[in-house]
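The values are calculated or read from the model by the stated rules, or taken from the named source; none is laboratory data. Because the structure is predicted, anything quoted here is derived from the model rather than measured. Every residue, glycine as well, gets a Cβ built from its backbone with ideal geometry; the counts of neighbours run over all protein chains shown. Areas reflect the complete protein model, heavy atoms only, side chains present, ligands, DNA and RNA absent. Shrake-Rupley method; radii C 1.70, N 1.55, O 1.52, S 1.80 Å.
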There are 2 protein chains.
Amino acid sequence: MTKPLGERIRSQFEARILSGELAPGERLPTEAELMQQFGCSRMTVSKALSALADAGLIERRKRAGSFVSRPRVHSMVLDIPDLAEEVAARGQTHRYRLIRRDVSEAGIAHFGPAGGQVLALDGLHLADNVPFAFEQRLVDIAAVPDIADVDFGHLAPGSWLLRHVPWDEAETRIAAEGASGSIADWLDVEPGTATLVVERRTWRGSDSITFVRQHFRADQYDLVARFGQRSASRAPA
Amino acid sequence: MTKPLGERIRSQFEARILSGELAPGERLPTEAELMQQFGCSRMTVSKALSALADAGLIERRKRAGSFVSRPRVHSMVLDIPDLAEEVAARGQTHRYRLIRRDVSEAGIAHFGPAGGQVLALDGLHLADNVPFAFEQRLVDIAAVPDIADVDFGHLAPGSWLLRHVPWDEAETRIAAEGASGSIADWLDVEPGTATLVVERRTWRGSDSITFVRQHFRADQYDLVARFGQRSASRAPA
DNA sequence: TAGTGGTCTAGACCACATG
DNA sequence: ATGTGGTCTAGACCACTAC
C-alpha cells in the first residue's frame, strides 16, 4: 500500500520545492545525509535525486551538492495527434481527400538530400464532410521507401507515417495566417479568413522524414498542449 | 572516455528501435539475459531499460517482459518562453504597457476559488515600439499574494510570474482568430486580420495560478516547438 | 505457480570540480 | 586535497500477472 521509499523521498522534495519551502538556489542535503535521515542506502537516495534532476527541479554538481533549480525555461508537452484519430474521438467522421501526388527531385523547398526523390502529397482533411484542414506534405522517399506503394487516395499520409515511421526529432512552427485564394477555396471560407498554420518537420537521426504544412480552419480546430516540467534529458543519438 | 555501460545499453536499444531493427511489439531480452550478454549486474540493465521506458520507447510488463512500444501518442516539447526574453534575444527592445489593472471577486471566467480575489491585468507587448501581442491575464491573489505589491506599469506579468512562481501543471490552447475591433485597435491592424491566440492556464498542485489569453499579430510572431519523445512519467502531486 | 520486473541493500571505485 | 555525485556490483525480497 505505501509507496516505495525512493518515490516518497522524491515526492517529498518535489512538494517542498513547488511550495516554495525550498527556494531556488537552496542546497539540498548530501546523499550521505539523506541516507541517515531516511535510513536507506545510497542507491535509493541517488535514484530519487536523479529523478528530480531529470524533471529539472534540481541541479546536481559534483563536489558542490544538489541545488533547487531556478525556475526554468518553461516548456510544455504539446500533443501532436493523428488528425484522423482526433476527429474520430470527437465522434465525427474523418475523411482525407488526396488532391495531388507527384514525385520530384529533392532540393525544392530545401527538403530532402541532394539528388534524392521527394514525394509530394497535397490533400484535404474533412470532418463530417466539412473541410477543416488543407495539407501540403513532402516525404523523403529514400528515408521511407515503403511509402511509394501506399495508396493515399483516402488514407491520410500523417496517419500512415505516425504508425509506420519512428522519429526522434521534430520541429513545429505554429502561426496564424489569412487564407490565400486557393487555400480559401479548399477550406470553403472567404479569402483572408484567419487560419491556424502548423508546419512540422521530423527527422530520424540525421535523415529528414517529412515536412508538412497544414492550414486549419480557425472555426473548426485548435491545438491543446498539456502539462509541463521539462522533458527528460536524453543522450545524443 | 568510453560512456558508462548502462548508457551504452540504453543507446544501443534506442538506436535499434529507431532504426526499425526492433519492430513495435517485439520482445526484448529479459533482464537476466541482458546481464549475461553485457556481463553486468541486474541494476545496470534495469536502469537502462527503465530509462527507455521513461522515454516511451519500450513498455515493461511484469511476468511478460519488455516490448518495443507502438509508435506513441506523439508529443513534442513546446517552449513557452518569456516574451520579454524572446524579443530581447532577437535583438529588439521589449516593452510592456499596462492597460488595465483591477481586483475583482473570483468566479468570473470560471477562474479562481470561490470567494477569493482575482487580479486582472490587461496589457500590450511591444517589440521596438511596435505592438505584437495584446494580453489579458487573471492571477489568483490567494495563490500568489506577493503579486499585490508588484508594479506592472512596465514589467510584463508573465516575466515576473515565470521567475517567482513555480508551477507543476499547465494547459495551453492555441488557435487562430480574426482580430475583433478593440483588439485590432491595440495591435494596430485592420479588424478581421488573422491573429494567433494563445490561452494558458497554470496550476501549482490544485491551485490555479494564472490564466492568460494573448493575441499575437500574425505578421510579428509565431511559436516554435522543438523535439519529441514524450516526457518522463511523473507521479501525481 | 513460476517467471518477470520493482525495489532495495551495503558495500565499492572513480571522475570531477571546488576550496 | 577532498568531498561530492556517477556508476557499478552481487546479492535479496517482493508484487504482480500471464500461463
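Here are the numbers:
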quantity	calculated
Residue A:95 being within 14 Å of chain B (Cβ to nearest Cβ) and at pLDDT 70 or above	no
Filter result for residue A:151 (surrounded by fewer than 16 Cβ atoms within 10 Å (Cβ to Cβ), closer than 27 Å to residue A:91 by Cα and in contact (Cβ under 8 Å) with a residue 24 or more places away in the chain)	no
Residue tally, condition open to solvent by less than 30 Å² (accessible area, probe 1.4 Å), within 12 Å of DNA strand D (Cβ to nearest atom) and more than 10 Å from chain A (Cβ to nearest Cβ), over the stretch B:1-30	2
Condition met for residue A:128 (under 30 Å from residue B:68 (Cα atoms), out of contact with any helix residue (DSSP H, G or I) (no Cβ under 6 Å at 6 or more places or on another chain) and surrounded by fewer than 16 Cβ atoms within 10 Å (Cβ to Cβ))	no
Scan of the stretch A:44-61 for residues that are open to solvent by less than 20 Å² (accessible area, probe 1.4 Å) and either within 14 Å of DNA strand C (Cβ to nearest atom) or in a helix (DSSP H, G or I) (or both), ordered by number	A:45, A:48, A:49, A:52
Output for the stretch B:32-43, where each listed residue is near DNA strand C (Cβ under 10 Å from one of its atoms) and either open to solvent by 30 Å² or more (accessible area, probe 1.4 Å) or assigned to a loop (DSSP other than H, G, I, E, B) (or both)	B:32, B:33, B:35, B:41, B:42, B:43
Candidates A:60, A:90 - the one that is within 16 Å of DNA strand D (Cβ to nearest atom) and modelled with pLDDT of 85 or more	A:60
Looking only at the stretch B:185-199, and only at residues there that are in contact with a Gly (Cβ under 9 Å, 6 or more places away or on another chain) and within 11 Å of another protein chain (Cβ to nearest Cβ), the one that is surrounded by the most Cβ atoms within 10 Å (Cβ to Cβ)	B:195
Pair list, Cβ under 7 Å, 6 or more apart: the stretch B:30-45 residue touching a residue at least 12 places away in the same chain (Cβ under 8 Å), other residue part of a helix (DSSP H, G or I) and exposed (fewer than 13 other Cβ atoms within 10 Å of the Cβ)	B:31/B:42
Residue list for the stretch A:63-87, restricted to those being touching a strand residue (DSSP E or B) at 6+ places or on another chain (Cβ under 9 Å) and at pLDDT 85 or above	A:64, A:65, A:66, A:67, A:68, A:69, A:83, A:84, A:85, A:86, A:87
Given (1) closer than 27 Å to residue B:20 by Cβ; (2) at pLDDT 85 or above; (3) surrounded by fewer than 18 Cβ atoms within 10 Å (Cβ to Cβ), index of the condition residue A:115 fails	(2)
